[in-house]
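Asks: Take a look at the following structure, please.
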Amino acid sequence: HDFNNLLMVIRSCVSFVAGDLPHGDPRREELEVALDAVDRAAGLTQHLVAFGGRQPRQVAQHDVGRVAQELADSLRHAIGDRHTLRVSASAEATPAQIDRDQLEQVLVGLVENAREAMPDGGTVDVDVRAVTLADPLRRGGQTVGAGDYVRVSVQDHGHGMAPENLERAFEPFFTTRVEHGGRGLGLSSAYGIVRQSGGAMTLESQMRHGSCVKIYLPRAIPDREGVAPEAEPLLGARVLVVDDDRHTQRLVTDALRKRGASVICERDGTAALRRLAAGEPVDLLLADLVMSGLSGREVVARARALRPDVASVVMSDYASFVDHLGGEILHKPFSRRALFDVAARALEQRGWARAS
Ligand SMILES: Nc1ncnc2c1ncn2[C@@H]1O[C@H](COP(=O)(O)OP(=O)(O)OP(=O)(O)O)[C@@H](O)[C@H]1O
Ligand SMILES: [Mg+2]
């Protein structure tokens with residue numbers, strides 16, 4: 001902090017003097033160089049502080065997979081034409097308690113290293129997933145304790161590292177890239193940040209085959225705090241959607257999943273009824289009225305006989321036609337809001353209680 005203040009003083013004095021000099025004065029150039037050095041020094045301290053684990057942090061719960069996806073969109077532009085950045089994330093949530101800026105700093109540093117290891121181009125693969133280690137893991141000289149983690153791996157197919165360099169890679173200022181402007185701070189500051197977040201980092205590398213850095217962050221329990229119960233009325237509901245139109249099926253499924261429901265789809269009523277008859281756990285049946293084969297009305301009627309415990313909703317653009325069925329009807333075209341409301345109401349009538 002003090003050091004940065006000193007740099008600030010130097011910076012403002014130098015730019016003050018520079019501003020006084022007439023344009024084209026050669027002394028101006030000297031001062032520009034000085035300013036540039038100050039900026040680089042400021043960047044350096046930031047990395048050093050990160051390595052020492054003393055960076056002021058704003059820790060909150062973040063979904064690491066989502067952060068990686070969002071960051072990738074901006075990195076793709078920066079990475080150039082010869083390199084491809086691929087990001088994959090598990091469907092399962094990947095929440096961790098971490099400072100978002102620091103997480104981004106780590107990811108950028110690792111992607112940069114991966115890219116630099118493939119000077120002729122190639123693909124950098126970033127993968128984020130929820131993993132559970134039943135036993136401690138020993139990799140690349142590091143140990144990761146047993147437990148639930150969010151694992152981020154950054155894989156390249158570049159030149160790899162000689163064993164003697166691999167050993168020293170996490171050391172601050174260790175670099176084999178001096179002539180390319182390497183400062184040896186990417187891995188060391190990433191390591192500092194990960195350790196500060198209670199995590200661990202491993203590095204595996206094979207000469208001429210590539211390297212893989214894996215970060216393990218303690219997986220947080222998904223944060224539901226501050227979310228009003230009404231906002232997630234379908235959390236934990238198991239919904240069976242029957243629709244022969246793939247497009248509607250996708251829309252409905254995506255919307256319900258985003259609200260915390262688990263969804264299974266069938267394209268025809270017979271298959272759906274077979275599931276119900278087999279006793280598959282289902283809380284809500286959502287059937288389209290007009291389908292080839294059994295109509296939604298028949299499906300719902302038979303489902304009620306088979307499984308009175310299952311709530312049902314018919315989706316229809318012919319409102320009057322199904323009115324006499326009683327129960328809930330979803331009129332097409334419907335908004336997401338209407339879908340959630342009708343689904344929640346139908347569930348409630350069956351006495352279904354939201355998971356908490
Ligand atoms: N993916 C990788 N493949 C091969 N070597 C790597 C890889 N990542 C790191 N290294 C090696 O580890 C050294 C240290 O990496 P680090 O990111 O800490 O510093 P740097 O990349 O040299 O410089 P900086 O990141 O500060 O610009 C590198 O100089 C390089 O030799
Ligand atoms: Mg680096």
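The values are calculated or read from the model by the stated rules, or taken from the named source; none is laboratory data. Quick caveat, the model's predicted, so the values are computed rather than measured. Cβ coordinates were reconstructed from backbone atoms using ideal geometry, including for glycine residues, and neighbour counts include every protein chain displayed. Surface accessibility is based on the protein's heavy atoms, side chains included, excluding ligands, DNA and RNA. Shrake-Rupley method; radii C 1.70, N 1.55, O 1.52, S 1.80 Å.
Asks: Please give the length that would be gained between Glu92 and Ala277 if that part of the chain were fully extended, namely 0.36 nm times their separation in residues minus their C-alpha to C-alpha distance (nm, one decimal). Can you show the working numbers first?
Replies: Numbers: separation 185, 0.36 × 185 = 66.60 nm, distance 2.92 nm.
That pair, Glu92 and Ala277, stretches by 63.7 nm at full extension.
Asks: To continue, here is another question. For the peptides 184-197, 331-344, what is the packing order when you average, over each peptide's residues, the other Cβ atoms within 10 Å and list the highest mean first? Could the numbers behind the result be given before it?
Replies: On the way: 184-197: 22.4, 331-344: 16.0.
Descending mean neighbour count gives 184-197, 331-344.
Asks: What does the charge add up to near Val108, with Lys and Arg as +1, Asp and Glu as -1, over the other residues with Cβ less than 15 Å from its Cβ?
Replies: Details: positive: Arg76, Arg100, Arg115, Arg183; negative: Glu70, Asp73, Asp99, Asp101, Glu104, Glu112, Glu116, Asp156.
That works out to -4.
Asks: Can you give the % of DSSP beta bridges in the chain that are antiparallel, to the nearest 5?
Replies: Working: 31 of 56 bridges.
Taking every DSSP beta bridge within the chain, about 55 percent pair in antiparallel fashion.
Asks: Local charge sum around Gly351 (other residues, Cβ-Cβ under 11 Å, Lys/Arg +1, Asp/Glu -1)?
Replies: Values: positive: Arg350; negative: Asp283, Asp309, Glu348.
So the environment of Gly351 carries a net charge of -2.
Asks: Right, here's the next one. At a 1.4 Å probe, what is the % contribution of carbon and sulfur to the accessible area of segment 1-92? Provide the component values of the computation, followed by the final result.
Replies: Numbers: 3550 of 6430 Å².
C and S atoms contribute 55 percent here.
Asks: Fully extended, how many nm does the chain gain between Arg257 and Arg195 (0.36 nm per residue separation, minus their Cα-Cα distance)? Show your work: numbers first, answer last.
Replies: Working: separation 62, 0.36 × 62 = 22.32 nm, distance 3.40 nm.
Using 0.36 nm per residue and subtracting the Cα-Cα distance, I get 18.9 nm.
Asks: Sort Leu276, Leu48 from largest to smallest accessible area, using a 1.4 Å probe on the heavy atoms of the protein chains. All intermediate terms of the calculation are to be shown ahead of the outcome.
Replies: Working: Leu276 0, Leu48 75 Å².
If we order Leu276, Leu48 from most to least accessible, we get Leu48, Leu276.
Asks: Could I ask something else about it? Tell me, what is the per residue accessible area of segment 59-218 in Å², probe radius 1.4 Å?
Replies: Details: 7850 Å² over 160 residues.
Averaged over the residues of segment 59-218, the accessible area is 49 Å².
Asks: Given the peptides 177-183, 7-13, 106-112, arrange them by the average over their residues of other C-beta atoms within 10 Å, most packed first. Before the final figure, lay out the partial values.
Replies: On the way: 177-183: 11.1, 7-13: 13.3, 106-112: 22.3.
Peptide ranking by packing, descending: 106-112, 7-13, 177-183.
Asks: What does the net charge come to around Met201 if you take all other residues with beta carbon closer than 12 Å to its beta carbon, with K and R at +1 and D and E at -1? Present the calculation step by step, with values, prior to reporting the outcome.
Replies: Values: positive: Arg139, Arg151, Arg195, Lys214; negative: Glu204.
Computed value for this residue: +3.
Asks: Mean residue ellipticity at 222 nm from the helices of the chain, using -39,500 (n - 2.57) per DSSP H segment of n ≥ 4 over the full residue count, to the nearest 500 deg cm²/dmol? Let's see the in-between values first.
Replies: Working: 11 runs with 146 residues, N = 356.
Helix-only estimate at 222 nm: -13000 deg cm²/dmol.
Asks: Mind checking the dipole of segment 2-51: about its Cα centre, +1 per Lys or Arg Cβ, -1 per Asp or Glu Cβ, Debye to the nearest 20?
Replies: On the way: 4 positive and 8 negative charges, 24 e Å.
For this selection, approximately 120 debye.
Asks: Using only Cα atoms and rounding to the nearest 10 degrees, what angle (0 to 90) does helix 26-51 make with the longest principal axis of the chain?
Replies: On a 0 to 90 degree scale, this one is about 50.
Asks: Something else: Rounded to the nearest 0.05, what FRET efficiency is calculated for Glu179 and Ala42 with R0 set to 35 Å and r the Cβ-Cβ distance? Don't jump to the answer; show the numbers that get you there.
Replies: Values: r = 23 Å, r/R0 = 0.66.
Efficiency for this residue pair is about 0.90.
Asks: Can I ask one more? How much length is gained if the chain between Leu21 and Arg350 is pulled fully straight, taking 0.36 nm per residue apart and subtracting their Cα-Cα distance, in nm to one decimal?
Replies: Working: separation 329, 0.36 × 329 = 118.44 nm, distance 8.05 nm.
In short, 110.4 nm is gained.
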